[in-house]
Amino acid sequence: MEHLVEHMKISYHSGHEPTCGVCKKHCRSFESLREHLIGPLPKQECKNIFSLRGCRFCLTILESPNARRIHQERCQFSSVNSGLTTRMAALGLRDKGMIDYMSSRSPKVVALSCKMVGGGSDGSLDLCARVCITDESDNVVFHTYVKPSMPVTSYRYETTGIRPENLRDAMPLKQVQRKIQEFLCNGEPMWKIRPRGGKGRILVGHGLDHDLDRLQLEYPSSMIRDTTKYPPLMKTSKLSNSLKYLTQAYLGYDVHVGIQDPYEDCVATMRLYTRMRYQRHKIEAYPLAADAQNLSNQVAWRQSEVERMSPDEMLYISRSDYYCWCLDSLA
């Protein structure tokens, strides 16, 4: 019983965690659930059922093989990069010399992506040279080339597509920083920004710590949804997956083929976010383990009281240690 109590303190099973649709096993990530279903050593019964009725993108078990076929056609997203003409039309103002900025109808959630060029003697220092922000409908809210604050020694053209002439008359970094900060805060002081009931916008991205650092921006972590840090999207080893892998595995199309486009990255991360947000989970009666009012899972329970509980009672009072994105839909 003593070992079970200690285990309960760190296990944190939750109704929000990925669960096998066949045997109802809790998994810490969709990657571990994928291994459980179709990995090198799957549970055979679950594998057999999944091969007939399982969606390979969202890992849901459907009622019949026909229902699976219909569902999987809807579940697979189409690529945003079907050709140069489509890409140019998507960004609209990209080929004009003015600031590519327009306010969408006050989106609550936006995705941000940057493309970096190289600075320093060997070109290894990342400098933000292009930034794009989109809304949930894949509309461009903000897009501009950025003039770095130090000389560029490598334009990394093979992956960025950026040339010297793109940055010659580009918007200075400080001006870009100010515009993005004002847009994200949406007229609310930084200290008042909160996930629910506030004016600040939820920021979605892949590796946002690095992007915000290069933009020299600060934003509350409670408002950031990063696909490299979200536990259900992490590998079983807890190492983050690349955006290329996540898009292929969960959306069903390829990104980063040739020149990398920040608009393409914004669309992919927003689609991953909305896929995670619209999952249906049961509402839990107790706060998250990370909430201020529940910093310790055992704050209200003495060891002797817990040892008298049954395993089901202990599981009932245990809490998840991550914030599920489906809770954003309740805001």
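The values are calculated or read from the model by the stated rules, or taken from the named source; none is laboratory data. All of these numbers come straight from a predicted model, not from anything done at the bench. FYI the Cβ positions are ideal-geometry reconstructions off the backbone, even for glycines, and counts take in every protein chain you see. Calculation scope for accessible area: heavy atoms of the full protein, side chains included, ligands and nucleic acids excluded. Shrake-Rupley method; radii C 1.70, N 1.55, O 1.52, S 1.80 Å.
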Query raised in the report: Any idea which of (1) free of Cβ contacts under 8 Å to residues at least 12 places away in the same chain; (2) crowded, with 21+ Cβ neighbours inside 10 Å is the one Ser221 doesn't satisfy?
Result: (2)
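Take the residues in region 274-309 that are at pLDDT 85 or above and either in contact with a Gly (Cβ under 9 Å, 6 or more places away or on another chain) or over 30 Å from Met116 (Cβ atoms) (or both); name whichever of them is surrounded by the fewest Cβ atoms within 10 Å (Cβ to Cβ).
Within region 274-309, the match that is surrounded by the fewest Cβ atoms within 10 Å (Cβ to Cβ) is Tyr278.
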**Report entry** In region 122-149, the residues that are small (Gly, Ala, Ser) and touching a strand residue (DSSP E or B) at 6+ places or on another chain (Cβ under 7 Å)
**Finding:** Gly123, Ser124, Ala129
Query raised in the report: Any residue at all in region 213-234 that is part of a helix (DSSP H, G or I), more than 14 Å from the chain's Cα centre (by Cα) and charged (D, E, K, R)?
Result: yes
Query raised in the report: Counting only residues that are in a helix (DSSP H, G or I) and farther than 17 Å from Arg271 by Cβ, how many does region 49-74 have?
Result: 11
Report task. Specify the residue that is most open to solvent (accessible area, probe 1.4 Å); the eligible residues are those in region 181-216 that are within 15 Å of Cys266 (Cα to Cα) and among the small types (Gly, Ala, Ser). Result -> Gly207
Query - Tally of residues being open to solvent by 30 Å² or more (accessible area, probe 1.4 Å) and either at pLDDT 95 or above or under 16 Å from His143 (Cα atoms) (or both) across region 258-270 - result: 1
Query raised in the report: Would you call Thr153 surrounded by 15 or more Cβ atoms within 10 Å (Cβ to Cβ), assigned by the TED database to the domain that holds Leu272, closer than 20 Å to Arg214 by Cα and modelled with pLDDT of 90 or more?
Result: yes
Query raised in the report: Given the conditions (1) touching a residue at least 40 places away in the same chain (Cβ under 8 Å); (2) under 30 Å from Arg34 (Cβ atoms), and given that Ala129 satisfies all but one, which numbered condition is not satisfied?
Result: (2)
Report task. Look at region 196-212 and say how many of its residues are assigned to a helix (DSSP H, G or I) and farther than 18 Å from Tyr145 by Cβ. Result -> 4
Query raised in the report: Can you find even one residue in region 104-126 that is of a type in the set (Asp, Glu), under 27 Å from Glu182 (Cα atoms) and at pLDDT 90 or above?
Result: yes
Query - Residue, modelled with the lowest pLDDT, within region 238-249, restricted to residues that are in contact with a helix residue (DSSP H, G or I) (Cβ under 9 Å, 6 or more places away or on another chain) and assigned to a loop (DSSP other than H, G, I, E, B) - result: Lys238
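Of all the residues that make up region 21-63, how many are within 29 Å of Val306 (Cα to Cα), touching a residue at least 40 places away in the same chain (Cβ under 8 Å) and not charged (D, E, K, R)?
Of the residues in that region, 1 qualify.
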Query raised in the report: Is it true that Lys235 is closer than 24 Å to Asp328 by Cβ and either modelled with pLDDT under 95 or surrounded by fewer than 16 Cβ atoms within 10 Å (Cβ to Cβ) (or both)?
Result: yes
Query - Number of the condition not met by Ile180 [criteria: (1) outside any helix (DSSP H, G or I); (2) touching a residue at least 60 places away in the same chain (Cβ under 8 Å)] - result: (1)
Requested in this report: May I ask you to list pairs of residues, at least six apart or on different chains, whose Cβ atoms are under 7 Å apart, with the first in region 203-218 being in the same structural domain as Ala268 (by the TED database) and the second being in a loop (DSSP other than H, G, I, E, B) and crowded, with 18+ Cβ neighbours inside 10 Å?
Outcome: Leu203/Tyr219; His206/Thr227; His206/Thr228; Gly207/Thr228; Leu212/Tyr219
Query raised in the report: Cβ-Cβ below 6 Å, separation at least six or inter-chain, first residue in region 274-287 and closer than 28 Å to His206 by Cβ, second surrounded by 15 or more Cβ atoms within 10 Å (Cβ to Cβ) and modelled with pLDDT of 80 or more: which pairs?
Result: Met276/Trp325; Arg277/Trp325; Arg277/Cys326; Arg277/Asp328; Gln279/Cys326; His281/His16; His281/Cys326
